[in-house]
Amino acid sequence: MNIRVVILANERAEDHMLWIKACEKLSDKVSYRVVNLTNDKWFEEIQREPFDILLAKPGGVTSVFKQLYDERIYILGKVSGYIIFPSPEEIFIYENKRFLSSWLKANTIPHPETHIFYDLAEAEAFLKETAYPVVGKVNIGASGSGVAILKSEDEA
(Lines give C-alpha, C1' and ligand atoms only; values in the text may rest on other atoms or scores of the structure.)
Protein backbone atom coordinates (compact mmCIF):
# COMPACT_ATOMS: atom_id res chain seq x y z
CA MET A 1 0.00 0.00 0.00
CA ASN A 2 1.38 3.37 -1.01
CA ILE A 3 0.39 6.43 1.03
CA ARG A 4 0.01 9.54 -1.14
CA VAL A 5 1.24 12.66 0.63
CA VAL A 6 1.10 16.35 -0.19
CA ILE A 7 3.72 18.35 1.69
CA LEU A 8 2.54 21.91 2.29
CA ALA A 9 5.45 24.31 1.93
CA ASN A 10 5.49 27.84 3.29
CA GLU A 11 7.38 31.04 2.47
CA ARG A 12 10.75 29.57 3.49
CA ALA A 13 12.09 27.08 0.95
CA GLU A 14 13.95 24.97 3.51
CA ASP A 15 11.16 24.56 6.10
CA HIS A 16 9.54 21.49 4.58
CA MET A 17 12.79 19.62 3.84
CA LEU A 18 12.46 17.32 6.88
CA TRP A 19 9.10 16.10 5.54
CA ILE A 20 10.79 15.34 2.21
CA LYS A 21 13.59 13.42 3.95
CA ALA A 22 11.07 11.39 5.94
CA CYS A 23 9.06 10.55 2.83
CA GLU A 24 12.20 9.59 0.91
CA LYS A 25 13.26 7.23 3.73
CA LEU A 26 9.89 5.52 3.30
CA SER A 27 9.89 5.70 -0.49
CA ASP A 28 8.67 2.09 -0.78
CA LYS A 29 5.54 3.05 1.20
CA VAL A 30 5.10 6.77 0.57
CA SER A 31 4.86 8.91 -2.55
CA TYR A 32 4.86 12.67 -2.18
CA ARG A 33 4.62 15.97 -3.94
CA VAL A 34 5.13 19.49 -2.63
CA VAL A 35 2.65 22.36 -2.90
CA ASN A 36 3.53 25.83 -1.69
CA LEU A 37 0.58 27.28 0.22
CA THR A 38 1.75 30.81 -0.56
CA ASN A 39 1.23 30.36 -4.31
CA ASP A 40 -1.84 31.69 -6.10
CA LYS A 41 -3.08 28.31 -7.42
CA TRP A 42 -2.39 26.42 -4.17
CA PHE A 43 -5.89 24.90 -3.89
CA GLU A 44 -6.03 23.74 -7.51
CA GLU A 45 -2.54 22.27 -7.21
CA ILE A 46 -3.49 20.30 -4.08
CA GLN A 47 -6.59 18.91 -5.79
CA ARG A 48 -4.74 18.11 -9.04
CA GLU A 49 -4.12 14.48 -7.98
CA PRO A 50 -5.63 12.25 -5.29
CA PHE A 51 -3.85 12.14 -1.92
CA ASP A 52 -4.31 10.60 1.51
CA ILE A 53 -2.85 13.20 3.86
CA LEU A 54 -1.43 16.71 3.94
CA LEU A 55 1.80 17.25 5.89
CA ALA A 56 2.23 20.82 7.08
CA LYS A 57 5.16 22.92 8.22
CA PRO A 58 3.75 26.32 9.11
CA GLY A 59 6.03 29.30 9.06
CA GLY A 60 6.58 31.53 12.03
CA VAL A 61 8.72 34.33 10.70
CA THR A 62 6.20 37.02 9.70
CA SER A 63 2.61 37.61 10.72
CA VAL A 64 1.52 38.12 7.10
CA PHE A 65 2.60 34.63 6.04
CA LYS A 66 1.47 33.04 9.33
CA GLN A 67 -2.03 34.45 8.78
CA LEU A 68 -2.06 33.31 5.14
CA TYR A 69 -0.92 29.79 6.07
CA ASP A 70 -3.48 29.52 8.90
CA GLU A 71 -6.31 30.71 6.65
CA ARG A 72 -5.45 28.15 4.01
CA ILE A 73 -5.06 25.38 6.60
CA TYR A 74 -8.52 26.31 7.87
CA ILE A 75 -9.97 25.95 4.36
CA LEU A 76 -8.24 22.61 3.82
CA GLY A 77 -8.97 21.07 7.23
CA LYS A 78 -12.19 22.63 8.44
CA VAL A 79 -14.01 23.48 5.21
CA SER A 80 -12.75 20.79 2.83
CA GLY A 81 -12.32 18.09 5.49
CA TYR A 82 -8.84 16.94 4.46
CA ILE A 83 -6.61 15.14 6.96
CA ILE A 84 -3.70 17.38 7.96
CA PHE A 85 -0.74 16.63 10.21
CA PRO A 86 -0.15 18.39 12.47
CA SER A 87 -3.81 19.21 12.98
CA PRO A 88 -5.25 22.65 12.20
CA GLU A 89 -5.64 23.31 15.94
CA GLU A 90 -1.95 22.59 16.51
CA ILE A 91 -0.97 24.79 13.58
CA PHE A 92 -3.12 27.70 14.79
CA ILE A 93 -1.34 27.87 18.18
CA TYR A 94 2.13 27.38 16.67
CA GLU A 95 4.15 30.62 16.81
CA ASN A 96 1.06 32.67 17.63
CA LYS A 97 1.43 34.03 21.16
CA ARG A 98 -1.99 35.73 21.26
CA PHE A 99 -3.88 32.64 20.11
CA LEU A 100 -1.83 30.34 22.36
CA SER A 101 -2.50 32.48 25.43
CA SER A 102 -6.27 32.43 24.82
CA TRP A 103 -6.20 28.71 24.00
CA LEU A 104 -4.34 27.89 27.22
CA LYS A 105 -6.76 30.03 29.24
CA ALA A 106 -9.82 28.43 27.61
CA ASN A 107 -8.42 24.96 28.33
CA THR A 108 -7.47 25.88 31.93
CA ILE A 109 -3.81 25.06 31.34
CA PRO A 110 -1.40 26.94 33.60
CA HIS A 111 0.71 29.51 31.74
CA PRO A 112 2.48 32.81 32.38
CA GLU A 113 0.20 35.78 33.01
CA THR A 114 -0.36 37.41 29.64
CA HIS A 115 -1.80 40.80 28.71
CA ILE A 116 -2.77 41.64 25.13
CA PHE A 117 -3.64 45.20 24.23
CA TYR A 118 -5.24 46.70 21.15
CA ASP A 119 -6.18 49.97 22.82
CA LEU A 120 -3.29 52.39 23.41
CA ALA A 121 -4.90 54.01 26.48
CA GLU A 122 -5.47 50.60 28.08
CA ALA A 123 -1.85 49.61 27.42
CA GLU A 124 -0.52 52.88 28.82
CA ALA A 125 -2.64 52.49 31.98
CA PHE A 126 -1.29 48.96 32.46
CA LEU A 127 2.30 50.17 32.02
CA LYS A 128 1.79 52.93 34.63
CA GLU A 129 0.54 50.51 37.31
CA THR A 130 2.53 47.33 36.61
CA ALA A 131 5.62 46.12 38.46
CA TYR A 132 8.81 46.03 36.41
CA PRO A 133 10.56 44.29 34.78
CA VAL A 134 8.03 42.86 32.33
CA VAL A 135 8.61 40.79 29.22
CA GLY A 136 7.31 42.30 26.00
CA LYS A 137 6.73 40.08 22.99
CA VAL A 138 5.52 40.50 19.44
CA ASN A 139 2.83 38.04 18.40
CA ILE A 140 4.83 36.18 15.74
CA GLY A 141 8.49 35.40 16.21
CA ALA A 142 10.47 32.22 16.56
CA SER A 143 13.46 31.33 18.74
CA GLY A 144 13.22 34.34 21.03
CA SER A 145 12.99 36.95 18.31
CA GLY A 146 10.73 39.89 19.10
CA VAL A 147 11.24 39.56 22.87
CA ALA A 148 12.36 42.45 25.10
CA ILE A 149 12.87 42.77 28.83
CA LEU A 150 11.32 46.13 29.76
CA LYS A 151 12.85 47.48 32.96
CA SER A 152 10.82 50.68 33.31
CA GLU A 153 7.76 52.52 32.05
CA ASP A 154 10.03 54.66 29.88
CA GLU A 155 11.51 51.55 28.21
CA ALA A 156 8.04 50.15 27.70
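The values are calculated or read from the model by the stated rules, or taken from the named source; none is laboratory data. Source: prediction; values computed, not measured. Note that we place each Cβ from the backbone using ideal geometry, even for glycine, and neighbour counts take in every protein chain shown. These area figures cover heavy atoms from the full protein model, side chains too; ligands, DNA and RNA do not enter into them. Shrake-Rupley method; radii C 1.70, N 1.55, O 1.52, S 1.80 Å.
The residues of the stretch 103-142 that are surrounded by 10 or more Cβ atoms within 10 Å (Cβ to Cβ), part of a helix (DSSP H, G or I) and not hydrophobic (A, V, I, L, M, F, W, C), listed by number, are K105, E122, E124. Within the stretch 55-81, the set of residues being of a type in the set (A, V, I, L, M, F, W, C), without any contact (Cβ under 8 Å) to a residue 12 or more places away in the chain and more than 16 Å from E11 (Cβ to Cβ) comprises V79 only.
Look at (1) under 27 Å from V147 (Cβ atoms); (2) part of a helix (DSSP H, G or I) and you find that A13 fails only one, number (2). For the stretch 45-63, check the following and say yes or no: at least one residue is within 30 Å of V134 (Cβ to Cβ) and of a type in the set (A, V, I, L, M, F, W, C). Looking through the stretch 45-63, at least one residue is within 30 Å of V134 (Cβ to Cβ) and of a type in the set (A, V, I, L, M, F, W, C). Counting only residues that are open to solvent by 70 Å² or more (accessible area, probe 1.4 Å) and part of a loop (DSSP other than H, G, I, E, B), the stretch 66-102 holds 2 of them. With the structure loaded, tell me whether I7 is open to solvent by less than 40 Å² (accessible area, probe 1.4 Å), assigned to a helix (DSSP H, G or I), under 20 Å from P88 (Cα atoms) and hydrophobic (A, V, I, L, M, F, W, C) or whether it fails that test. Criteria not met by I7.
Answer yes or no as to whether S63 is open to solvent by 60 Å² or more (accessible area, probe 1.4 Å) and among the hydroxyl-bearing types (S, T, Y).
yes
Annotation note: of E90, E24, E11, the sole residue that is out of contact with any helix residue (DSSP H, G or I) (no Cβ under 8 Å at 6 or more places or on another chain), within 20 Å of I140 (Cβ to Cβ) and not polar (S, T, N, Q) is E90. Restricting attention to the stretch 12-54 and to residues that are within 13 Å of R72 (Cα to Cα) and touching a residue at least 12 places away in the same chain (Cβ under 8 Å), the residue that is surrounded by the most Cβ atoms within 10 Å (Cβ to Cβ) turns out to be L37.
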